[in-house]
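Each remark here refers to the structure printed beneath this line.
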Amino acid sequence: MERARKLIPGGVNSPVRAFRGVGGSPRFIERGSGCRLFDVDGNSYIDYVCSWGPLILGHCFPPVMDAIRSVVETGTSFGAPTEREIELAEEITSAVPSMEMVRLVNSGTEATMSALRVARGFTGRDLTIKFEGCYHGHVDSLLVKAGSGMATLGIADTAGVPRAFAETTLALPYNSVEALEAAFTAHGNEIAAVIVEPVVGNMGCVPPLPGYLQAMQALCNKHGALLIFDEVMTGFRVSFGGAQELYGIRPDLSTFGKVIGGGLPIAAYGGRADIMSRVAPSGNIYQAGTLSGNPLAVASGLAMLRYLKTHKEVYQQIDRAAARITEAAPEGVTVNRVGSMFTFFFGTGPVTGWDTAKSADTARFNAFFHHLLENGVYLPPSQFEAGFVSAAHDEAAVDTTVQAIRSFR
Ligand SMILES: *Cc1c(COP(=O)(O)O)cnc(C)c1O
């Protein structure tokens with residue numbers, strides 16, 4: 001870690017990986033296998049970070065590894081179309097009916113940045129509504145009251161974002177229909193899009209209240225704003241068709257990432273064909289990428305989605321495992337869980353948005369995190385992140401986890 005800190009800010013290549021406390025600093029990982037991580041010091045951990053969501057089938061899942069191996073010998077990048085890109089687009093659009101057309105990019109950040117540009121280009125409007133505690137990647141105009149690492153580090157508004165960019169964003173409390181109505185009443189015909197994590201993962205797991213997403217869709221329709229579901233975390237995670245399948249909503253645009261790459265860097269944005277047809281080269285909204293649709297990432301994602309499509313029982317299995325883990329919660333802890341996404345909130349009542357999430361006892365959470373780490377269980381190191389279960393978390397791993405949770409004092 002000392003070597004890393006000299007050369008890499010904070011010693012990590014993404015802030016959420018950093019932590020401090022009685023159990024020390026970040027572990028350097030040598031390899032992963034199934035539900036386990038192995039560090040360079042010879043320790044192993046049952047992994048509930050799962051690379052922050054992508055590894056829904058665990059580390060080194062054989063069909064994904066085989067797919068990567070089978071294409072690596074044919075070249076790593078061509079900068080020209082390949083047939084597998086069509087196949088991946090077919091898998092995504094058939095799993096998620098609102099995705100009539102899709103463009104592949106390299107990260108969730110790129111997907112949300114592009115979806116926002118498309119929404120602005122299509123509507124000819126500039127303003128965006130987002131929600132406090134939601135994180136949509138490190139897009140300038142979306143780093144306003146953002147969750148994830150910004151929430152953890154207590155950075156309300158990052159340096160480096162021009163005020164003019166931040167002013168194009170209205171940040172509202174999540175789960176408040178009244179706040180949304182008021183914003184539309186004040187700015188209705190200037191709002192290009194509402195972007196939301198349909199189930200929030202980035203202030204810890206926070207589900208939508210009944211009827212909230214439906215009200216959001218109705219308000220967007222009424223005022224001519226586009227509804228963007230940021231499903232980078234929830235896509236192919238809370239169900240095969242994502243949160244939009246789970247809650248029965250058809251957004252205008254959606255973004256995907258994490259699970260769709262099977263652990264390689266790939267993401268996607270897409271939605272209504274009349275909107276996506278406006279993207280260059282078929283339209284005048286510009287978006288591009290040298291490595292977009294990278295052959296290794298596409299092969300990995302394709303293997304992942306095809307396996308999930310033919311093994312949907314995986315979702316019941318991981319949901320059950322997550323239920324067993326959350327049922328072991330210490331007394332007085334608030335548990336939020338949607339499928340295999342979960343968070344233990346310490347020292348607070350029901351958590352329905354950032355106002356309630358931020359009152360959590362982060363010192364107590366930190367003690368819990370380090371207790372589990374010492375017992376070989378690796379949770380996300382922040383109160384404001386969701387944990388994930390994979391299909392590789394077998395009964396024995398879950399039993400060990402439950403015991404570790406129960407032994408926390
Ligand atoms: C992780 C995440 C992103 C950003 O994706 P990156 O690949 O890290 O850029 C965007 N939105 C949501 C909801 C996420 O969970």
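The values are calculated or read from the model by the stated rules, or taken from the named source; none is laboratory data. Just so it is clear, the structure is predicted and the values come from calculations on it, not from any experiment. A quick note on method: Cβ atoms are made from the backbone with ideal geometry, for glycine too, and the neighbour counts reach across all protein chains shown. The protein model used for the area step is the full one, side chains on, heavy atoms only, and it has no ligands, DNA or RNA in it. Shrake-Rupley method; radii C 1.70, N 1.55, O 1.52, S 1.80 Å.
Output the number of residues of segment 203-215 satisfying the condition of being assigned to a loop (DSSP other than H, G, I, E, B) and within 16 Å of the ligand (Cβ to nearest atom). Number satisfying all stated conditions: 4. Restricting attention to segment 89-116 and to residues that are polar (S, T, N, Q) and more than 16 Å from the ligand (Cβ to nearest atom), the residue that is surrounded by the fewest Cβ atoms within 10 Å (Cβ to Cβ) turns out to be Ser94. Just to be sure before I move on: is Glu30 exposed (fewer than 15 other Cβ atoms within 10 Å of the Cβ), farther than 24 Å from Phe365 by Cβ and modelled with pLDDT under 95 in the structure I sent? When the stated conditions are applied, Glu30 does not pass them.
Looking at segment 179-190, which of its residues are without any contact (Cβ under 8 Å) to a residue 40 or more places away in the chain, open to solvent by 20 Å² or more (accessible area, probe 1.4 Å) and not polar (S, T, N, Q)?
If the condition is that a residue be without any contact (Cβ under 8 Å) to a residue 40 or more places away in the chain, open to solvent by 20 Å² or more (accessible area, probe 1.4 Å) and not polar (S, T, N, Q), then Ala179, Glu181, Ala182, Ala186 are the ones that fit.
Look at (1) more than 16 Å from the ligand (Cβ to nearest atom); (2) open to solvent by less than 10 Å² (accessible area, probe 1.4 Å); (3) among the aliphatic types (A, V, I, L, M) and you find that Ala193 fails only one, number (1).
Scanning segment 117-138 for residues that are among the aliphatic types (A, V, I, L, M) and surrounded by 24 or more Cβ atoms within 10 Å (Cβ to Cβ), we see that the one that is farthest from His187 (Cα to Cα) is Val118. Can you spot a residue in segment 101-123 that is in the same structural domain as Asp252 (by TED's automatic domain parsing), in contact with an Asp or Glu (Cβ under 8 Å, 6 or more places away or on another chain) and of a type in the set (Asp, Glu)? Looking through segment 101-123, none of the residues is in the same structural domain as Asp252 (by TED's automatic domain parsing), in contact with an Asp or Glu (Cβ under 8 Å, 6 or more places away or on another chain) and of a type in the set (Asp, Glu). Here Val22 clears all of (1) at pLDDT below 95; (2) within 16 Å of the ligand (Cβ to nearest atom); (3) open to solvent by 50 Å² or more (accessible area, probe 1.4 Å) except the condition numbered (2). Please verify whether Leu305 is away from the ligand (no atom under 15 Å from the Cβ) and touching an Asp or Glu at 6+ places or on another chain (Cβ under 9 Å), treating the condition exactly as stated. Spelling it out, Leu305 is indeed away from the ligand (no atom under 15 Å from the Cβ) and touching an Asp or Glu at 6+ places or on another chain (Cβ under 9 Å).
Residue-by-condition table, conditions (1) touching a residue at least 24 places away in the same chain (Cβ under 8 Å); (2) hydrophobic (A, V, I, L, M, F, W, C); (3) under 16 Å from Leu302 (Cα atoms):
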residue: Thr74; (1), (2), (3): yes, no, no
residue: Pro81; (1), (2), (3): yes, no, yes
residue: Glu87; (1), (2), (3): yes, no, yes
residue: Glu91; (1), (2), (3): yes, no, yes
residue: Ala95; (1), (2), (3): yes, yes, yes
residue: Met101; (1), (2), (3): yes, yes, no
residue: Leu104; (1), (2), (3): yes, yes, yes
residue: Gly108; (1), (2), (3): yes, no, no
residue: Ala119; (1), (2), (3): yes, yes, no
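Select from segment 278-324 the residues that are more than 30 Å from Met341 (Cα to Cα) and touching a strand residue (DSSP E or B) at 6+ places or on another chain (Cβ under 7 Å) and list them in ascending order. Of everything in segment 278-324, those that are more than 30 Å from Met341 (Cα to Cα) and touching a strand residue (DSSP E or B) at 6+ places or on another chain (Cβ under 7 Å) turn out to be Arg278, Val279, Ile285, Gln287, Gly289. With segment 334-409 as the region, which helices (runs of 4 or more DSSP H) entirely inside it contain at least 2 residues that are under 30 Å from Phe61 (Cα atoms) and in contact with a Gly (Cβ under 9 Å, 6 or more places away or on another chain)? Passing ranges, in order: 362-374, 395-406. Restricting segment 216-251 to residues that are open to solvent by 20 Å² or more (accessible area, probe 1.4 Å) and in a loop (DSSP other than H, G, I, E, B) leaves a set whose member that is farthest from the ligand (Cβ to nearest atom) is Gly224. Selection of first residues in segment 145-157 that are on the phi > 0 side of the Ramachandran plot and of second residues that are within 15 Å of the ligand (Cβ to nearest atom) and part of a helix (DSSP H, G or I), restricted to Cβ pairs under 9 Å at least 6 apart or on distinct chains, gives the following pairs, ordered by first then second residue: Lys145/Ala151; Lys145/Trp354; Ser148/Pro15; Ser148/Val16.
Give the residue that is farthest from the ligand (Cβ to nearest atom), with candidates limited to residues of segment 252-289 that are of a type in the set (A, V, I, L, M, F, W, C) and assigned to a loop (DSSP other than H, G, I, E, B).
Applying the filter and picking the extreme gives Ala280.
Looking only at residues of segment 388-409 that are hydrophobic (A, V, I, L, M, F, W, C) and without any contact (Cβ under 8 Å) to a residue 60 or more places away in the chain, we find that the one that is nearest to Gly339 (Cα to Cα) is Ala396.
In this structure, is Arg324 free of Cβ contacts under 8 Å to residues at least 60 places away in the same chain and assigned to a helix (DSSP H, G or I)? Taking the combined requirement at face value, the residue does not satisfy it.
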